[in-house]
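What follows is a set of notes on a single structure, which appears directly below.
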Amino acid sequence: MTIRLLICEDQELVRTGYVTVFDAQPDMTVVGEAADGPAAVEAAARLRPDVVIMDIHMPLFDGIEVTRRIAGPGVDNAPKVLVVTTFNIDEYVYRALRFGASGFLLKDTPLVELVNGVRTVMRGESLLSPAVTRTLIGRFADRIRPTAVAAGTDPIEVLAPREREVLRLVALGLSNAEIAAEMVIGIETVKTYVSRILTKLNLRDRVQAVVLAHRTGLVPLMGDT
């Protein structure tokens, strides 16, 4: 299967570099480019890419707003959005993830890692390392902290005990291999659990699963006891 990409980047030189690198991959093709927010939204709707490379800073409105419009709550058949940013603007990263992004990479990430990142999000996996997850969760704990809910409305109640445990480990940042070792099961079994969890909870990918696990209190927030 060929991964269809849309490049959203306001710097022409950077955008051209992305196109050259991605088009050189045997399993990827660039179907469109956009240099500002409105153009990115229009191109995503018209071209229906599989993955969108999204710059945070773009003219007219930024990559966060574009992400909300093309992959946010209520958007059907949304593409995977891979945000490219700098780590010193954590709040932008957090907001992008909440609005539907599948992960993010730093602006100075080597191109080979960016290429592999596209394949990663296409598989439904996230690009959140445990260290980055802890940083974001800790910095924005008040925004993620679960609110009181009526009895019986916990969304993760639909999960079986083993599925809840897999979700907990996913939220802690463990890879499939690490989860398999922790639970003494096969990696394929872990993949099956993760797929089942996403389906039951109507989640797009592991990033959304991580956010939900923290919002529901399945994983204590940093500073909680």
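Where a number appears in this text, it was derived from the coordinates with a stated rule and is not lab data. From a predicted model like this one, the values you see are computed outputs, not experimental measurements. Please note: Cβ atoms are built from the backbone with ideal geometry, for glycine as well, and neighbour counts cover all protein chains shown.
The calculated FRET efficiency for the pair residue 57 and residue 16, based on their C-beta separation and a Förster distance of 25 Å, comes to about 0.90.
Hey, which lysines would be in cross-link range of residue 200, C-alpha to C-alpha under 24 Å, not counting anything within fewer than 8 residues on its own chain? Straight-line reach from residue 200, under 24 Å: 80, 191. Once backbone amide H atoms are built at 1.01 Å from N, residue 28 has 3 as its partners under 5 Å, excluding neighbours fewer than 5 places away on the same chain. Counting neighbouring beta carbons within 10 Å and listing from fewest to most, the residues 80, 200 come out as 200, 80.
Radius of gyration over Kirkwood radius for the stretch 3-127, both on Cα atoms: the Rg/Rh ratio is 0.91.
Once the C-beta distance of residue 113 and residue 162 is scaled by a Förster radius of 25 Å, the resulting FRET efficiency is 0.15 to the nearest 0.05. Here 109, 199, 85 are placed in order of increasing Cβ neighbour count within 10 Å, fewest first, which gives 199, 109, 85. FRET efficiency for the pair residue 200 and residue 25, taken as 1/(1 + (r/R0)^6) with r the Cβ-Cβ distance and R0 = 35 Å, rounds to 0.55. Over the C-alpha trace of the stretch 146-215, radius of gyration and Dmax come out as 12.0, 37 angstrom.
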